[in-house]
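Student: There's a structure below that I have some questions on.
What follows draws every value from the coordinates through simple rules; no lab data is involved. Note that this is a predicted model, so its numbers are computed, not measured. Note: ideal-geometry Cβ built from the backbone for every residue, glycine included; neighbour counts use all protein chains shown.
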Amino acid sequence: MNSDRALYDRIGVGYRVGRREDPRLAAAIHEALGTAQTVLNVGAGTGSYEPTDRDVTAVEPSSVMIAQRRPGSAPAVQATAEKLPFADGAFDASMAVLSDHHWTDRMAGLHEMRRVARSRVVLFQWDIRYVDSFWLTRDYLPDFRHKVAGGMTADDLALAIGGGSVEQFPMPFDMRDGFLSAYWRRPEAYLDVDVLANISVFALMAAADVETFVACLRADLDSGEWHRRNAEILDLPELDLGYRLVIG
Ligand SMILES: C[S@@+](CC[C@H](N)C(=O)[O-])C[C@H]1O[C@@H](n2cnc3c(N)ncnc32)[C@H](O)[C@@H]1O
């Protein structure tokens, strides 16, 4: 727990500014929760995607993240996914949004999510099979492929929560929540250090490597090379970059 808690205690500062809830993703998650009235949000962060019309409890290890939750948002318990401090079947549903790849023991956390949920588990996650689908990681971060090696596919996740369905979430061109692939059609955004600070892939890189990345991307944007290479995506309203809702 200590390493991941320390990670978001370090990189979580300012999270609520750069990582705003996207209404289209929120609607998809709320629909996936079905009729669940009591919901546990695991790795809840600052509270994005928590439905306001249900009884939500948040679990979050980082006090920096908890401190950024809005007044009046769901009560947060400081704990980790691997050891949820709740009885079996204590909630109708459990959910985790872009969190389980940070857990120290991912399988243990997924089993815990299943244990505490009576009827539904909802995960929003990126499928490792899409490792080459995004120009940024493919063309500018050669180490990314190694860093995520051994990660899970959406089908692996579905199996881990006892079976379920997998739904695509194609990334809108104007995605509001600034996670890794959000700016796929707005490459200039990745030149902004404040944008990069809220993306864990960059927050975990050495400062010199981030500077090299920014310099390479800037050069390709200035020369027109980026536009030549990515011409086919420039008019698309959305793009499937491997984000999935897994509903168990
Ligand atoms: C990318 S943030 C996502 C936050 C939120 N779900 C959202 O969508 O904005 C990942 C979150 O997972 C939390 N986290 C890291 N390790 C965890 C663990 N072992 N158990 C539960 N949450 C964890 C982090 O502290 C962080 O708040």
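Student: In a Gaussian network model over the chain where Cα atoms closer than 10 Å are linked, find which of V148, V166, V64 has the largest mean-square fluctuation.
Tutor: Of the options given, V148 has the highest mean-square fluctuation.
Student: For each of Y130, Y8, count neighbouring Cβ atoms within 10 Å of the residue's Cβ, then give the residues from fewest to most.
Tutor: Y130, Y8
Student: Sticking with this one: Looking at region 142-222, which trypsin sites (Lys or Arg not before Pro) are DSSP coil and have at most 15 other C-beta atoms within 10 Å of their C-beta?
Tutor: Those satisfying the criteria are R176.
Student: For helix 2-11, what angle does its Cα long axis make with the longest principal axis of the chain, in degrees from 0 to 90 and rounded to 10?
Tutor: The two axes meet at around 50 degrees.
Student: Evaluate the distance, in nm, between pseudo-label points positioned 7 Å from the Cα of E188 and of S73 along their respective Cα→Cβ axes.
Tutor: If labels sit at E188 and S73, their model points lie 3.0 nm apart.
Student: Which FRET efficiency value, to the nearest 0.05, do you get for A108 and A207 by plugging their Cβ-Cβ distance into 1/(1 + (r/R0)^6) with R0 = 35 Å?
Tutor: With R0 = 35 Å, the Cβ-Cβ based efficiency is 0.60.
Student: Okay, moving on. Work out the length of the dipole vector of region 124-166 about its Cα centre, built from +1 on the beta-carbon of each Lys and Arg and -1 on the beta-carbon of each Asp and Glu, and round it to the nearest 20 debye.
Tutor: Roughly 60 debye for region 124-166.
Student: Hey, another quick one. Residue by residue, what Karplus-based ³J(HN,Hα) values in Hz, rounded to whole numbers, does region 161-167 have, using 6.51, -1.76 and 1.60 with θ = phi - 60° and x for Gly and Pro?
Tutor: 9, x, x, x, 9, 10, 10
Student: Multiplying the sequence separation of E21 and D174 by 0.36 nm and subtracting their Cα-Cα distance, what value in nm do you get?
Tutor: 53.8 nm
Student: Determine Rg/Rh for region 2-247; Rg is computed over alpha-carbon atoms and Rh is the Kirkwood hydrodynamic estimate from the same atoms.
Tutor: 0.96
Student: Between A215 and D88, what is 0.36 nm times their sequence separation minus the Cα-Cα distance? Round to one decimal in nm.
Tutor: Here the segment from A215 to D88 would lengthen by 40.6 nm.
Student: Compute the long axis of helix 23-32 from its Cα atoms, compare it with the longest principal axis of the Cα atoms of the chain, and write down the angle in degrees, 0 to 90, nearest 10.
Tutor: Orientation of helix 23-32: about 40 degrees from the principal axis.
Student: Now a separate question. How high is the FRET efficiency from D155 to H227, r the C-beta distance, R0 41 Å, rounded to 0.05?
Tutor: 0.70
Student: Still on this structure: Whose amide H sits under 5 Å from the amide H of Y243, counting only residues 5 or more places off or on another chain, with H placed in the peptide plane?
Tutor: For Y243, whose amide H was placed from the backbone, the distant partners under 5 Å are D127, F169.
Student: Computed FRET efficiency, Cβ-Cβ of L7 and D235, R0 30 Å: what is it to the nearest 0.05?
Tutor: Step by step, r from the Cβ atoms, then E = 0.20.
Student: Can you list residues from other chains, or at least 5 along the same chain, whose modelled amide H is less than 5 Å from the amide H of N41?
Tutor: T57, A58, V59, M95
Student: So if I place +1 on the C-beta of Lys and Arg and -1 on the C-beta of Asp and Glu, and nothing else carries charge, what would the dipole magnitude of the chain be about its Cα centre? I want it in debye, nearest 20.
Tutor: Dipole size: approximately 500 debye.
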